[in-house]
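Step one of this worksheet: look at the structure below.
The values are calculated or read from the model by the stated rules, or taken from the named source; none is laboratory data. Remember, predicted model here, so these are calculated numbers, not experimental data. Reconstructed Cβ throughout: ideal geometry from the backbone, glycine too, with neighbour counts over all protein chains shown.
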Amino acid sequence: MKFETIIESIKKIIAFIKQYFKTNILVMTFVISSVINASILRFFTVKNYFEIRPIIADLALVLVIAAFGYFIKPKHQFRYYITWSIILTLICLVNSIYYTNFLSFASFSLLQTSLQLVGVTDAVVENVMELKDFCYIWQIVVMIFVHIKLKKKGYYDYVEKIEVGKVRALNTLVASLIFFGLFISTLSSTDISRLSKQWNREYVVMCFGTYTYQANDLVATLQAKINPLFGYDEHAKMFREYYSERDNSHQQNQYTNILKGMNVIAIHAESIQNFVLDTEFNGEPVAPNLKRLASEGLYFSNFYAQESVGTSSDSEFTFNTGLMPASTGTVFVSYFDREYVTIPKLLKEQGYYTFSMHGNNGSFWNRLNAHKSLGYDKYYNYKNDFVIDETIGLGLSDKSFFRQAVPKIKTISEQNKNFYGVLIMLTNHTPFSDIEGHTDYEVNYKYQALNEETGEMEEKVAPYMEGTKLGNYFKSVHYADEALGQFINDMDEAGLLENTAIVIYGDHDAKLKESQYRRFYNYVPETDSILSSDDPAYIDVDYYTYELNRKVPFIIWTKDHRLQGEVTKVTGMYNVLSTLGNMMGFSSPYAIGQDIFSIDENVVVFPDGNWLTDKMYYNQSTDDIKLLNSNETVSMEYVQKYTDFAEQALSISDSIIVYDLIKKTNEIKELLGQE
């Protein structure tokens, strides 16, 4: 009798399960397809193929969404689930496109800067849209197909007779909570900390899944708007303690005041990476002018930009303030109205006239407002101040831009004792394809080979990098380099170099894929092919090779060559204000980066929490390290020291930005009668 009872119970459970799946086909289709899409995105991006945790997290969140659909009558549920299917598909599609281009994941805060895409439509279409980005649309197609089939079979009428919506909603929420509990039990305190800080988006997706990341990002974005209203005291206390404990004394060195009283022209070299200075094709250098300036000036050969989603605008901000980019959104759009200590403001205190110039629309990256906030007296931009006689890519060509800039600088020099100006280059902006017709630089491979018919050696030409994005990049850089060389000559002929220092910095890397570099390093011209990965001569471009290759040039050059030499110490964009300030006699008490010549060891912190020293690269996502010298050893204390520093630097910088702490500190000092 007891055995029969057990059998009967099992039959009832099986019948219940069958009935459940039979009457929840639409919901199950939504849940399963959503989780599969999220997994596909991770497979294409972070590639953690065998990690179960993000699947559980995504499933738990999708079940919450599914649960609320039960409060709608069955015949109307399709509208709810197809709407969410479209939303989740778009999340996957947008993140796939964004990761392809920026090796990171999209943020809701980017909606504030979405208008920037209007100016870079070609870059979006050509550079980031791939066939794989559209594979997520299958979910919508399947949902529609299933709905049509169910409707024909009278499924919704049948379900409506037996479904108790509130009960099913509650059961689904309970299932979701079980999965959430299971997932949370696997988390460490480090995991939770990284989720809340959201600095390393890649790590969050790897650990928490696609949808959990996006939900958390939405909360973080809303917090960015709400935070200034709450939590000020805690962050202000942390801010005060950080700077009170920090040694702000300025050590003198061989470069102290070496540029004091000189004019400065800073060249914002769009997308130029460091390795192009040592690259040539058929004996013709890609960037001969940059290479010459580097050899004649002070050349930082191990220099890294520290930009985030704001790309060029982030580099402008960090260059001028010594602070890190914002953790959510971009400073130029979301936090431009804060008070910052900047190079233009510090030089204005010394009587300098400050200005900026760019061949693009003034509204791009909100520069009209942001540059005023940074302290520039005037922002010369696009049609307002330049004759648009030649356009390449996003705006005025670099050659025309520089040609028209020189007489403007001449006028400024005649009206002011000293000046500081930043000239933002544009032509070398992705996607680089518009350069054709503006340069005859070739990126093929020419070599001598035996002609079997004549028995004589003759020149052969292999395509090599022709027709590739990296090849177009080299051509674009060569054009930009020519424009820069002509600018230096024109400045000299105008008599503007006698008391002027030229500062050149790459704003960020070219944002090209690893596969482009594999062709570059492993090309076989005789067969027009690429070495296989198992060939002994094959050069792999792995994660660390790619990351370390993202360094950009930083050069300080004067006509009288008072600054010369190569600085191999690892340096970041946030070191510029303090390093240049030591040379010119100004300083900021709030710069995170220090004068590179006044410290024994420097660490470059990246916005995702990764960091780099002369000894090693630390990957926060995997908690892994890459020693830069196989003979070098580092202790766990060493790693922890700089990991703590990185987190503190990011936290303090973000607090300054979000809570406008510099302004509030100055207001308190004025109230207390302090200078």
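Remarks
- Segment 327-354, residues that are in contact with a Phe, Trp or Tyr (Cβ under 6 Å, 6 or more places away or on another chain) and of a type in the set (A, V, I, L, M, F, W, C): Val331, Phe332, Val341, Leu346, Leu347
- Between Val461, Val477, the distinction of being within 24 Å of Leu293 (Cα to Cα) and assigned by TED's automatic domain parsing to the domain that holds Ser271 belongs to Val477 only.
- Where helices (runs of 4 or more DSSP H) sit wholly within segment 1-112, those with at least 1 residues that are modelled with pLDDT of 90 or more, closer than 29 Å to Glu307 by Cβ and not charged (D, E, K, R) occupy 25-44, 53-68, 74-102.
- Residue count for segment 623-649 under the criterion of being closer than 11 Å to Trp611 by Cα, among the hydrophobic types (A, V, I, L, M, F, W, C) and out of contact with any strand residue (DSSP E or B) (no Cβ under 6 Å at 6 or more places or on another chain): the result is 2.
- Residue among Glu459, Glu466 that is surrounded by fewer than 18 Cβ atoms within 10 Å (Cβ to Cβ), out of contact with any helix residue (DSSP H, G or I) (no Cβ under 8 Å at 6 or more places or on another chain) and part of a loop (DSSP other than H, G, I, E, B): Glu466
- Helices (runs of 4 or more DSSP H) fully within segment 149-209 that include at least 1 residues being of a type in the set (Gly, Ala, Ser): 165-184, 189-197.
- Residue list for segment 616-664, filter: over 24 Å from Asp191 (Cα atoms), of a type in the set (S, T, N, Q) and touching a residue at least 40 places away in the same chain (Cβ under 8 Å): none
- Residue in segment 645-657 that is in contact with an Asp or Glu (Cβ under 8 Å, 6 or more places away or on another chain) and among the charged types (D, E, K, R) present: no
- If the condition is being of a type in the set (A, V, I, L, M, F, W, C) and within 19 Å of Ala269 (Cβ to Cβ), then segment 541-593 contributes Val552, Phe554, Ile555, Ile556, Trp557, Leu563, Val567, Met573, Val576, Leu577, Leu580.
- Yes/no for Tyr136 being in a helix (DSSP H, G or I), surrounded by fewer than 16 Cβ atoms within 10 Å (Cβ to Cβ), of a type in the set (Phe, Trp, Tyr) and modelled with pLDDT of 80 or more: no
- For first residues located in segment 380-391 and farther than 19 Å from Ala370 by Cα, partners that are polar (S, T, N, Q) and outside any helix (DSSP H, G or I) and lie 6+ apart or on another chain with Cβ distances below 9 Å form the pairs Asp389/Ser397; Glu390/Ser397; Thr391/Ser397.
Yes/no matrix, rows are residues, columns are (1) surrounded by 21 or more Cβ atoms within 10 Å (Cβ to Cβ); (2) of a type outside the set (Val, Ile, Thr); (3) modelled with pLDDT under 95:
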{"position": "Ala305", "(1), (2), (3)": "yes, yes, no"}
{"position": "Ser313", "(1), (2), (3)": "yes, yes, yes"}
{"position": "Thr318", "(1), (2), (3)": "yes, no, no"}
{"position": "Thr321", "(1), (2), (3)": "yes, no, no"}
{"position": "Thr330", "(1), (2), (3)": "yes, no, yes"}
{"position": "Tyr335", "(1), (2), (3)": "yes, yes, yes"}
{"position": "Glu349", "(1), (2), (3)": "no, yes, no"}
{"position": "Tyr353", "(1), (2), (3)": "no, yes, no"}
{"position": "His358", "(1), (2), (3)": "yes, yes, no"}
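- Selected residue (criterion: farthest from the chain's Cα centre (by Cα)) from residues of segment 384-411 that are surrounded by 21 or more Cβ atoms within 10 Å (Cβ to Cβ) and farther than 22 Å from Ser363 by Cβ: Ile409
- Filtering segment 485-513 to residues that are assigned to a helix (DSSP H, G or I) and within 30 Å of Pro525 (Cβ to Cβ) leaves only Gly485.
Each row is one residue, and each column tells you yes or no for (1) over 30 Å from Glu51 (Cα atoms); (2) crowded, with 19+ Cβ neighbours inside 10 Å; (3) within 23 Å of the chain's Cα centre (by Cα); (4) not assigned by TED's automatic domain parsing to the domain that holds Met324.
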position	(1), (2), (3), (4)
Ser598	yes, no, no, yes
Leu612	no, yes, yes, yes
Tyr618	no, yes, yes, yes
Lys626	no, no, yes, yes
Glu637	no, no, no, yes
Ile657	yes, yes, yes, yes
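Okay, residues lined up against (1) in the same structural domain as Ala66 (by TED's automatic domain parsing); (2) at pLDDT below 75:
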residue: Leu195; (1), (2): yes, no
residue: Gln198; (1), (2): yes, yes
residue: Val204; (1), (2): yes, no
residue: Glu245; (1), (2): no, no
residue: Gln254; (1), (2): no, no
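- Number of the exception - Thr568 against (1) buried (at least 17 other Cβ atoms within 10 Å of the Cβ); (2) touching a Ser or Thr at 6+ places or on another chain (Cβ under 7 Å): (1)
One line per residue, one yes/no per condition, for (1) of a type in the set (A, V, I, L, M, F, W, C); (2) in a loop (DSSP other than H, G, I, E, B):
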{"residue": "Lys291", "(1), (2)": "no, no"}
{"residue": "Ala294", "(1), (2)": "yes, no"}
{"residue": "Ser315", "(1), (2)": "no, no"}
{"residue": "Ser327", "(1), (2)": "no, yes"}
{"residue": "Val333", "(1), (2)": "yes, no"}
{"residue": "Asp337", "(1), (2)": "no, yes"}
{"residue": "Val341", "(1), (2)": "yes, yes"}
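- Counting only helices (runs of 4 or more DSSP H) that sit completely within segment 559-675, those holding 3 or more residues that are acidic (Asp, Glu) correspond to 636-659.
- Some residue of segment 526-543 being farther than 27 Å from Ser433 by Cα, touching a residue at least 12 places away in the same chain (Cβ under 8 Å), hydrophobic (A, V, I, L, M, F, W, C) and surrounded by 16 or more Cβ atoms within 10 Å (Cβ to Cβ): no
- Enumeration of residues in segment 138-176 that are of a type in the set (Val, Ile, Thr) and under 15 Å from Phe78 (Cβ atoms): Ile140, Val141, Val142, Ile144, Val146, Ile148, Val159
- Among residues of segment 71-91 that are free of Cβ contacts under 8 Å to residues at least 40 places away in the same chain, those with a beta-carbon under 7 Å from a residue that is surrounded by 13 or more Cβ atoms within 10 Å (Cβ to Cβ) and aliphatic (A, V, I, L, M) at least six positions away or on a different chain give the pairs Tyr80/Ile72.
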